[in-house]
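J.: Below you'll find the structure I mean.
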Amino acid sequence: MATYYINEAAFDLPDLGFSDQTVHVLRAKATSDGEINVLVFRNPLPEPKPAREVVTAHRDNERRSLAGFAVLFDREIELDGTVAIEAGIRFRHERGMVYQRNAHFVFADQHLLVVANAPFEDKDTCDRVMDHVLTTLRFRTE
């Protein structure tokens, strides 16, 4: 049996091959008419892959599904001793242009994606939020 931890508790799962694909969504009011969201996506990797390959596949999917998709910047960063690929992107949504910052952490068995997004006019606030998230991010060892 595997033990699954959440902030409030922990519980055991039977050995049926469960795959953790957790998505966390945190919302706040933006200064414009909209929201600033912080999202965390967890996806299992069936086999180890280079980080750039995982990120390229993710972006190719976004490029196909998001109108007006464009990468504004792309860089490697190191956080808490772990290398990540960070980007700024924009895309069109039914309510207008959206700005997104994301950081991809690729481990041997997992792709962890941390995202902040907001209406494009709240780009500076979105950057401040993501900068704060990334500078305070600490990986758990338990």
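The values are calculated or read from the model by the stated rules, or taken from the named source; none is laboratory data. In this text the structure is predicted, and so the values were computed from the model without any measurement. Here Cβ is always computed from backbone atoms with ideal geometry, including for glycine, and neighbour counts include all displayed protein chains.
J.: Could you run through segment 37-77 and say how many residues are more than 16 Å from H104 (Cα to Cα) and charged (D, E, K, R)?
T.: Result for segment 37-77: 3.
J.: Go through segment 92-139 and give me each residue that's more than 16 Å from the chain's Cα centre (by Cα) and in a strand (DSSP E or B).
T.: Of everything in segment 92-139, those that are more than 16 Å from the chain's Cα centre (by Cα) and in a strand (DSSP E or B) turn out to be R92, H93, G96, M97, P119.
J.: So if I check each of V71, V106, V55, which one is of a type in the set (A, V, I, L, M, F, W, C), more than 26 Å from D33 (Cα to Cα) and touching a helix residue (DSSP H, G or I) at 6+ places or on another chain (Cβ under 9 Å)?
T.: None of the others qualify; the one that does is V106.
J.: Here's another thing I want to ask about it. For segment 100-122, how many residues are buried (at least 18 other Cβ atoms within 10 Å of the Cβ) and over 30 Å from T3 (Cα atoms)?
T.: Total meeting the criteria: 7.
J.: Only one residue in A67, A87, A57 is outside any loop (DSSP other than H, G, I, E, B) and over 30 Å from G17 (Cα atoms), so which one is that?
T.: Of the residues listed, the single one that is outside any loop (DSSP other than H, G, I, E, B) and over 30 Å from G17 (Cα atoms) is A87.
J.: Sticking with this structure for a sec: Check off (1) assigned to a strand (DSSP E or B); (2) under 30 Å from G17 (Cβ atoms); (3) among the β-branched types (V, I, T) for I77 and give me the number that stays unchecked.
T.: Every condition holds for I77 apart from (2).
J.: Continuing with this model, one more query. Within segment 94-110, take every residue that is at pLDDT below 95 and of a type outside the set (D, E) and give me the one that is nearest to V23 (Cα to Cα).
T.: Q110
J.: Right, something else. I need every pair where a residue in segment 115-142 that is among the polar types (S, T, N, Q) has its Cβ under 6 Å from the Cβ of a residue that is surrounded by 12 or more Cβ atoms within 10 Å (Cβ to Cβ) and modelled with pLDDT of 95 or more, sequence separation at least 6 or different chains.
T.: Between residues of segment 115-142 that are among the polar types (S, T, N, Q) and residues that are surrounded by 12 or more Cβ atoms within 10 Å (Cβ to Cβ) and modelled with pLDDT of 95 or more, the close pairs are N117/N37; N117/V98; N117/Q100.
J.: What number of residues in segment 112-129 are touching a Cys at 6+ places or on another chain (Cβ under 9 Å) and closer than 23 Å to V54 by Cβ?
T.: Summing the residues that are touching a Cys at 6+ places or on another chain (Cβ under 9 Å) and closer than 23 Å to V54 by Cβ in segment 112-129 gives 2.
J.: Is there any pair linking a residue in segment 51-73 that is loosely packed, with under 10 Cβ neighbours inside 10 Å to one that is outside any helix (DSSP H, G or I), with Cβ under 7 Å and at least six apart or on different chains, and which?
T.: From residues that are loosely packed, with under 10 Cβ neighbours inside 10 Å, the pairs are A67/F91; A67/R92; F73/A87; F73/G88.
J.: Which number in (1) over 18 Å from R101 (Cβ atoms); (2) loosely packed, with under 12 Cβ neighbours inside 10 Å; (3) under 15 Å from the mean Cα position of the chain (by Cα) marks the one condition that N43 misses?
T.: Of the numbered conditions (1) over 18 Å from R101 (Cβ atoms); (2) loosely packed, with under 12 Cβ neighbours inside 10 Å; (3) under 15 Å from the mean Cα position of the chain (by Cα), the odd one out for N43 is (2).
J.: Moving to a separate point now. Output the number of the condition that T31 fails; it satisfies all remaining conditions of (1) at pLDDT 95 or above; (2) farther than 19 Å from D109 by Cβ.
T.: (1)
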